[in-house]
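Participant: Once you've had a glance at the structure underneath, I'll fire off some questions.
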């Protein structure tokens, strides 16, 4: 952490003390623990999201390895049924909510302001609040591991009435519900921030159709989040009311209908999977042009298909419910809608290939992951098309065929995209470049391990093996593929370990690089690596899509513009920066305490919840009260590098 | 992929129709994969920068797109989906319910899911003074006829899946689902619950046995009869079998593959043999077991119609001896496995209700001798 | 922040790419999200009304449509007051804004009071509770969630009202923060005491007793009301220039958007939950 702190802050600080004699203490230190807890700098927040995400990714991976070890042989006794059920529940919840989503958020945070030519997001303190609330949710969800009740064990989609207090009497499900609610609040707050930032804080000349595709995908993802999360929020509220207060939303004996839970959950759940994949698609759409040395093929249609995927993502949710007896009309409608969504997805793939076509392809590590993405996502997409044919899905649903499908799109798709992003943007974030050899080596081990693990699962599913089963008999023909899958998982684990060790090593000791090591095309590469606190010494004027590419090929014009803008900024007092703040953290701590009070305790629930609530309200109140004047600083003289 | 629960070798029209739709998707996606993958592979190889000089050369032509290519590709994508959509819609209609023209011939049963076993009701087989014929975990149906299965549950969501006959449909509380299936020929089929339903979901299994018309009629008649009583033969008193059971690892779960490895007869023939009483039945031991069935309060949850069992919260045991599997399709129904299930249910099937709501609150334990007798009794209920 | 020369344009913010102020845009986006939130709750209620279990209570036996129509009208009028408040501050008319804000608060409080009364009535006289039927569960959760949104809005309005008394920068006023807290507490006190006093009065009149009985039952409430009202008036005395003016119109406008949203959601709930039953 110190390394980053030292290299980030190259500007001179000229704090203007707040004018009122104030109850409020303004955190002013730029280094040390407090500076991290109170930061409002989108780059630091992005870094923290990334660190937390990678930590939880390792936890989720460990959970997966245990699952695979249990299933390596039939009738295995490594884990009890209860332990296994907790592990598969937590593996799903952790990977989706605590690994992939925050890793995407890490890059949204770090890159969006840089790509649009802004100094920070629209609401920096709200950004901090999202980060710490995310952590609070992550803590509550994982508390069960340290308690007698154990971790949640009803699956990551927690179908009622299994999750009702009748069939899950202890607190593990309460903590699952509460943790998810906090994660939802964090996600919605962050998405509101990104929407306003992208729409309202673009540099002059940065029209929407000149935005980098990554930023476009971030915009669509954010819209998906704010519109889909309320559905699961309500489902969870109704479940919590049933569990805590005895309402009847899913209480069958009083007329409750469990199918309602499924509808509400999947109205969220389906857009959620697009939330998981769109950021990775955005990353790929940046990497392929950079390493092919030509622009993205069909930019407008790639953007438009992202919009269509986002919109149609709301019309297909019941393809997760093909076996619930919806009737022929509903089943047919959802089958057709699901097939239709393959079209814009295919369009993106065609355009990526079009980008490669006629280029000078540079096979660096990010490019390897990007190409791997295209292949793996294709395969995952095809098994998705197979699912869309509802009669075929009647056999595939709840079998290992589904497990194969979603791991191909989530690992081969989302994860590969994010692993690519780490390599691609590493030089920008930390001023060091990851070794080509180790990067590629980790890629091949991961690629191999991943395919060996999940390809056999297609056959397991077609051979009738249901999912979420802690064991299986030895006479069903499932033994060999399961064993192979476990070996694959171990190889995948080794690959991930190599990847992690490589990037940690590079962070501390990797080869340093100057600006723009990849000869890239977008604005984030136009500033020093790592970036100064204020991002841009002078807010650029944008003249074309691939704004930085234009800058590099019109150097004189740009230099003149920047000099003029610099003079104007001086006249206004320099660069305006937001003050750090402790209050978003206070508000999040309040939510953590209240959340624990509501969901994890047997005694003193009310008093702890109230205390948490008071802390939260106090935090928000003081946050509103402290105002947002900020201070001015001067840009460093640009070092020639 | 030729296992007992495979979806790729079908034994009835519903599963067959579903498999055919799957094949259409396979072919279409394979063609797309070969074409798109081929172009991708070609581009990756042909346009790779050959050396360092190549990499640092002037960037290539900065082309931005080609609307004609875009439109054509979109059109082709839509066309491929139409190829999939048409058989899909047809099969959705076909697999939803028994076809119109065969409704009259359809045989009706009701399957109810419980944590973690299946109850089967036969509304068309009424028993005087009692009601429906009720069995559990092994569904016997007539072959060559459509069978309409009403799907119910009173606790959590389960799913009824016997892959060789039909894709699954869920059993959802407060919702009247159904599926239809048909076994073209007599056979013995494996099934499993396919919706996560709690701790022992993985070991909630069942069987479907399809019999020709004659065999099915005989089976119905035998099952409608009350529980079999074995006449006491005094000679048996001197010849009581010892209480000897195979030992099992205390944490071992399922075991229904023994006859696959050892037997030279088909599973269906094995099932047919199971209908007949064992040659070495000991009437004294059976009588002792029947008494224990009452004393150990088994009758509070399990019905043995015609004998003393009255309970309905657990599986009906009137003809348990004739089932090839016990503990919800989990263990082979033989002497050793039955003893294992009775003596250590919590190890065989974690969290099962027999243990948690039967044994534990009532402090029930079984000695080897008691188990020996109970097993003999239950095996006699053919 | 950089200061503007000349009049403030309340309809165009030249520091943003679209001209829409950030705070307004974020509120619109949040309201879109809140729409989905209420949409799911309303859908739950309506689905369960389509499939009532046997023995379900009949809403027509329970509702008092006159009371609910009255409170709906009050809430609608509160939106009018809110719009007036926004309009006032855009013209830098602080006094008018404060009065309109207070009126909005009171109308909102009347709505809440009616709702509290309604809930009490349903529970005690009509025997409809949160848990004893499916209808009770969906009804109270839906209308209760809306009521919570109203309560949050009322609280926020009170905060905004008190905020408008914050002394201008440079004025030595160290006690401002604590005085502000006291001001908030006293206005909340006025709202709560008057709400419960009115409910108490209604109960007394319904029981057939007179005003005298009300005075003796709820004397404490009336004393509390008198004290907090006096305190509120005292704290609202002008003390010199304040740090609140036209530049803060955007904050009032954003709050106004929230308030209007809550009102519109209530119109939808009133229609879907109450009026539709009478079709």
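The values are calculated or read from the model by the stated rules, or taken from the named source; none is laboratory data. Keep in mind it's a predicted model, so treat the numbers as computed, not measured. As a convention, Cβ positions derive from the backbone with ideal geometry for all residues, glycine included, and neighbour counts pool all protein chains shown.
Participant: Answer yes or no as to whether residue A:399 is under 30 Å from residue A:215 (Cα atoms), buried (at least 24 other Cβ atoms within 10 Å of the Cβ) and touching a helix residue (DSSP H, G or I) at 6+ places or on another chain (Cβ under 8 Å).
Facilitator: No: the conditions fail for residue A:399.
Participant: Hey, among C:214, C:233, C:244, which residue is in a helix (DSSP H, G or I) and surrounded by 14 or more Cβ atoms within 10 Å (Cβ to Cβ)?
Facilitator: The match here is C:214.
Participant: Kindly provide the set of residues from the stretch B:1-25 that are assigned to a helix (DSSP H, G or I) and at the interface with chain A (Cβ under 7 Å from one of its Cβ atoms), ordered by number.
Facilitator: If the condition is that a residue be assigned to a helix (DSSP H, G or I) and at the interface with chain A (Cβ under 7 Å from one of its Cβ atoms), then B:17, B:18, B:21, B:22, B:25 are the ones that fit.
Participant: Of these, A:502, A:469, A:486, A:522, which one is in contact with a helix residue (DSSP H, G or I) (Cβ under 7 Å, 6 or more places away or on another chain) and without any contact (Cβ under 8 Å) to a residue 24 or more places away in the chain?
Facilitator: None of the other options fit; the residue is A:469.
Residue-wise test of (1) at pLDDT 95 or above; (2) within 9 Å of another protein chain (Cβ to nearest Cβ); (3) surrounded by fewer than 24 Cβ atoms within 10 Å (Cβ to Cβ); (4) outside any loop (DSSP other than H, G, I, E, B).
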residue	(1), (2), (3), (4)
A:131	yes, no, no, yes
A:134	yes, no, no, yes
A:140	yes, no, no, yes
A:155	yes, yes, yes, no
A:158	yes, no, no, no
A:178	yes, no, no, yes
A:186	yes, no, no, yes
A:205	yes, no, yes, no
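Participant: Taking residue A:96 as the residue in question, decide whether it is under 19 Å from residue A:276 (Cα atoms) and out of contact with any helix residue (DSSP H, G or I) (no Cβ under 6 Å at 6 or more places or on another chain).
Facilitator: Here the answer is yes, as residue A:96 does meet what is asked.
Participant: Are any residues in the stretch A:286-309 within 17 Å of residue A:373 (Cα to Cα) and either within 13 Å of another protein chain (Cβ to nearest Cβ) or in contact with a strand residue (DSSP E or B) (Cβ under 7 Å, 6 or more places away or on another chain) (or both), and if so, which ones?
Facilitator: A:288, A:289, A:290, A:291, A:292, A:296, A:302
Participant: Based on what the data block shows, is residue B:80 more than 7 Å from chain A (Cβ to nearest Cβ) and surrounded by fewer than 16 Cβ atoms within 10 Å (Cβ to Cβ)?
Facilitator: no
Participant: Could you please give the count of residues in the stretch A:244-285 that are in a helix (DSSP H, G or I) and within 8 Å of another protein chain (Cβ to nearest Cβ)?
Facilitator: 8
Participant: For the subset of the stretch A:447-471 comprising residues that are under 21 Å from residue B:10 (Cα atoms) and within 7 Å of chain B (Cβ to nearest Cβ), which member is surrounded by the fewest Cβ atoms within 10 Å (Cβ to Cβ)?
Facilitator: Filtering the stretch A:447-471 for residues that are under 21 Å from residue B:10 (Cα atoms) and within 7 Å of chain B (Cβ to nearest Cβ), the one surrounded by the fewest Cβ atoms within 10 Å (Cβ to Cβ) comes out as A:459.
Participant: Let me ask something additional. If I go through the stretch A:476-500 residue by residue, how many of them are within 21 Å of residue A:80 (Cα to Cα) and either in contact with a strand residue (DSSP E or B) (Cβ under 6 Å, 6 or more places away or on another chain) or assigned to a loop (DSSP other than H, G, I, E, B) (or both)?
Facilitator: 1
Participant: Among the listed residues C:136, C:180, identify the single one that is touching a residue at least 12 places away in the same chain (Cβ under 8 Å), at the interface with another protein chain (Cβ under 9 Å from one of its Cβ atoms) and out of contact with any helix residue (DSSP H, G or I) (no Cβ under 6 Å at 6 or more places or on another chain).
Facilitator: C:136
Participant: Please find, among C:44, C:72, the residue that is within 14 Å of chain A (Cβ to nearest Cβ) and in contact (Cβ under 8 Å) with a residue 24 or more places away in the chain.
Facilitator: Answer to the check: C:44.
Participant: Within the stretch B:190-201, does at least one residue satisfy the condition of being assigned to a helix (DSSP H, G or I) and either at the interface with chain A (Cβ under 7 Å from one of its Cβ atoms) or touching a helix residue (DSSP H, G or I) at 6+ places or on another chain (Cβ under 8 Å) (or both)?
Facilitator: Yes, because at least one residue in the stretch B:190-201 is assigned to a helix (DSSP H, G or I) and either at the interface with chain A (Cβ under 7 Å from one of its Cβ atoms) or touching a helix residue (DSSP H, G or I) at 6+ places or on another chain (Cβ under 8 Å) (or both).
Participant: Before we move on, is residue C:240 out of contact with any helix residue (DSSP H, G or I) (no Cβ under 8 Å at 6 or more places or on another chain) and without any contact (Cβ under 8 Å) to a residue 12 or more places away in the chain?
Facilitator: no
Participant: Moving on to the next point. When you go through A:245, A:250, A:311, A:304 one by one, which is the residue that is buried (at least 24 other Cβ atoms within 10 Å of the Cβ) and more than 30 Å from residue A:427 (Cα to Cα)?
Facilitator: It is A:250.
Participant: Right, another one. If residue A:483 satisfies all but one of (1) buried (at least 21 other Cβ atoms within 10 Å of the Cβ); (2) closer than 30 Å to residue A:383 by Cβ, what's the number of the condition it fails?
Facilitator: Failed condition: (1).
Participant: What is the one condition in (1) surrounded by 24 or more Cβ atoms within 10 Å (Cβ to Cβ); (2) more than 25 Å from the chain's Cα centre (by Cα); (3) at the interface with chain B (Cβ under 7 Å from one of its Cβ atoms); (4) closer than 25 Å to residue A:418 by Cβ that residue A:355 does not satisfy?
Facilitator: Condition not satisfied by residue A:355: (3).
Participant: If we only count strands (runs of 3 or more DSSP E) wholly inside the stretch B:129-189, which ones have 1 or more residues that are more than 14 Å from every other protein chain (Cβ to nearest Cβ)?
Facilitator: Qualifying strands (runs of 3 or more DSSP E): B:131-136, B:138-142, B:147-153.
Participant: Do the conditions hold for residue A:548, that is, is it over 23 Å from residue A:40 (Cα atoms), crowded, with 21+ Cβ neighbours inside 10 Å and within 14 Å of another protein chain (Cβ to nearest Cβ)?
Facilitator: yes
Participant: Out of (1) over 22 Å from residue A:421 (Cα atoms); (2) at the interface with chain B (Cβ under 7 Å from one of its Cβ atoms); (3) crowded, with 22+ Cβ neighbours inside 10 Å, what's the single condition that is false for residue A:350?
Facilitator: With (1) over 22 Å from residue A:421 (Cα atoms); (2) at the interface with chain B (Cβ under 7 Å from one of its Cβ atoms); (3) crowded, with 22+ Cβ neighbours inside 10 Å applied to residue A:350, the lone miss is (1).
Participant: Something else now. So residue B:65 ticks every box in (1) in contact with a helix residue (DSSP H, G or I) (Cβ under 8 Å, 6 or more places away or on another chain); (2) in a loop (DSSP other than H, G, I, E, B); (3) touching a residue at least 12 places away in the same chain (Cβ under 8 Å) but one. Which box is left unticked?
Facilitator: (3)
Participant: Would you say residue B:88 is within 9 Å of chain A (Cβ to nearest Cβ), surrounded by 14 or more Cβ atoms within 10 Å (Cβ to Cβ) and either touching a residue at least 60 places away in the same chain (Cβ under 8 Å) or out of contact with any helix residue (DSSP H, G or I) (no Cβ under 6 Å at 6 or more places or on another chain) (or both)?
Facilitator: Yes.
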